[in-house]
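Asks: A single structure is presented below for examination.
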Amino acid sequence: MNLIAIKAIYIFEMKRTFRTLLQSVVAPVMSTSLYFVVFGAAIGSRIDQVEGVSYGAFIVPGLIMLTVLTQSVTNAAFGIYFPKFIGTIYELLSAPASFLEITAGYVLAAATKSLAIGLIILGTAFFFVDLQIQHPVWMLAFLVLTCLSFSLLGFIIGIWAGNFEQLQLVPLLVLQPLIFLGGAFYSVSMLPELWQTVTYFNPVVYLVSGFRWSFYGLADVPIGWSLLAILGFTAACIFIIGLIFRTGWRLRD
């Protein structure tokens, strides 16, 4: 394992984040704080409780997931797309580093950024609602796994994208609708039976459900299914990235 290569890529990506601190960290935290104000105060005043939890507190795990998923995909996608855009990807491919080491550098950096943002938002939530975390270790585990798995997805999107428009296509038109329809702001049990069945085909439901369980012990799906879903998704992304590097698809065009 070439740890020097992983470290070099990781440090380079983290330095890029500090150069754009307002855009990378402050902007998503401010956006999520507005969600707390709008959903927690305005709508929360009309909805008393959801499954015994105040609505303002109930949406906290969903809001954290909304930001973490989006930031993980976006950070990793831009990280690998930029070398493609300026032509330095060939230097990276000719370096003495395997696809696992290259992927690890970019994905760990993207996951670190999104994890930091998620923790900042979690800390911010305490100023808005009375928050409790029943399973803090599981909460952190779900958060880390989510950051890693969706950073892998973002890495794939960054390789696939041929321009900046395509780079934003999946996060805006696919990922965000899945998050909003994945129980981030409501319990799946509140839906009619037909729509509950449809919702269970949304993979984000399993992430949000497992993450919310770590806070309040409430889950729309069994916790085992949530873990299996995120581990399976992570393995599938690693497999796809391996195929991409083996074939050179979108890397040597």
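The values are calculated or read from the model by the stated rules, or taken from the named source; none is laboratory data. Because the structure is a prediction, the values reported are computed rather than measured. Here the Cβ is made from the backbone with ideal geometry for all residues, glycine too, and neighbour counts use every protein chain on show.
Asks: Return the total of residues in segment 65-84 being buried (at least 24 other Cβ atoms within 10 Å of the Cβ) and under 20 Å from Ser226 (Cα atoms).
Replies: 6
Asks: Just for segment 196-208: of the residues that are β-branched (Val, Ile, Thr) and over 15 Å from the mean Cα position of the chain (by Cα), which one is nearest to Ala229 (Cα to Cα)?
Replies: For segment 196-208, the residue satisfying everything is Thr199.
Asks: Give the residues of segment 145-195 that are under 18 Å from the mean Cα position of the chain (by Cα) and part of a loop (DSSP other than H, G, I, E, B), sorted by residue number. Even if it seems obvious, please write down each step before you answer.
Replies: So the first thing to find is which residues in segment 145-195 are under 18 Å from the mean Cα position of the chain (by Cα), and the list is 145-159, 167-185.
Passing the criteria: Leu181, Gly182, Gly183, Ala184, Phe185.
Asks: I would also like to ask the following. Any idea how many residues of segment 85-124 are free of Cβ contacts under 8 Å to residues at least 24 places away in the same chain and surrounded by 20 or more Cβ atoms within 10 Å (Cβ to Cβ)?
Replies: Total meeting the criteria: 0.
Asks: Sticking with this structure for a sec: Any chance you could count how many residues in segment 215-227 are assigned to a helix (DSSP H, G or I) and either without any contact (Cβ under 8 Å) to a residue 12 or more places away in the chain or crowded, with 18+ Cβ neighbours inside 10 Å (or both)?
Replies: Final tally of qualifying residues: 4.
Rundown of residues vs (1) at pLDDT below 75; (2) outside any helix (DSSP H, G or I); (3) under 20 Å from Ser187 (Cα atoms), yes/no style:
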{"site": "Lys7", "(1), (2), (3)": "no, no, no"}
{"site": "Glu13", "(1), (2), (3)": "no, no, no"}
{"site": "Gln23", "(1), (2), (3)": "yes, no, no"}
{"site": "Phe36", "(1), (2), (3)": "yes, no, yes"}
{"site": "Ala42", "(1), (2), (3)": "yes, no, yes"}
{"site": "Arg46", "(1), (2), (3)": "yes, yes, yes"}
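Asks: Conditions: (1) under 30 Å from Thr88 (Cβ atoms); (2) within 16 Å of the chain's Cα centre (by Cα); (3) surrounded by fewer than 15 Cβ atoms within 10 Å (Cβ to Cβ). Thr234 meets all but one. Number of the miss?
Replies: Here Thr234 clears every test but (3).
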